[in-house]
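The values are calculated or read from the model by the stated rules, or taken from the named source; none is laboratory data. Nothing here was measured: the structure is a model prediction, and the numbers come from that model. Because the Cβ atoms are built from the backbone with ideal geometry, glycine has one as well, and the counts that use them run over all protein chains shown.
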Amino acid sequence: MEILSISMDSASLKQLNEVQKRLGFKSRSKMLRSAVLSLLKSHSDLEALKGSVESVFVVTYTEMEKNHVSDLLHGFGDTVKTSMHHHESGIGVDILNISAPAKKTRELYSSLERNKCVRSVSCVVVKETG
């Protein structure tokens, strides 16, 4: 097995240690392996999509970054069927119902995931035809 090294600020490391303890992982390595495998599975599932896809995206960001995220989403406006926005304690949440070809769904997910203004993005596929 290969050894990887990561850098993390002390607040995140403290949080990581708390989650490790709460979830009962014997080591941080085992927990991080599990998280990485989950991420790889999500990407593999997205890559396997074909045809037309109905999905729900949940996007979080700081309210200060709302305009940057909104600008990005406007580029995919033709795919957004419904959207809902909520903000609490400086955090914005957008819930988006997306209808798009698989390729465009992947492009949207990837664009949000790479955007430094986005705190988190998740995608749930509701229906795939094709």
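A few points about this structure:
- Residue identified as part of a strand (DSSP E or B) and farther than 17 Å from SER44 by Cα among LYS116, LYS81: LYS81
- Test for SER70: is it at pLDDT 90 or above, assigned by TED's automatic domain parsing to the domain that holds LYS104, surrounded by 12 or more Cβ atoms within 10 Å (Cβ to Cβ) and touching a helix residue (DSSP H, G or I) at 6+ places or on another chain (Cβ under 7 Å): no
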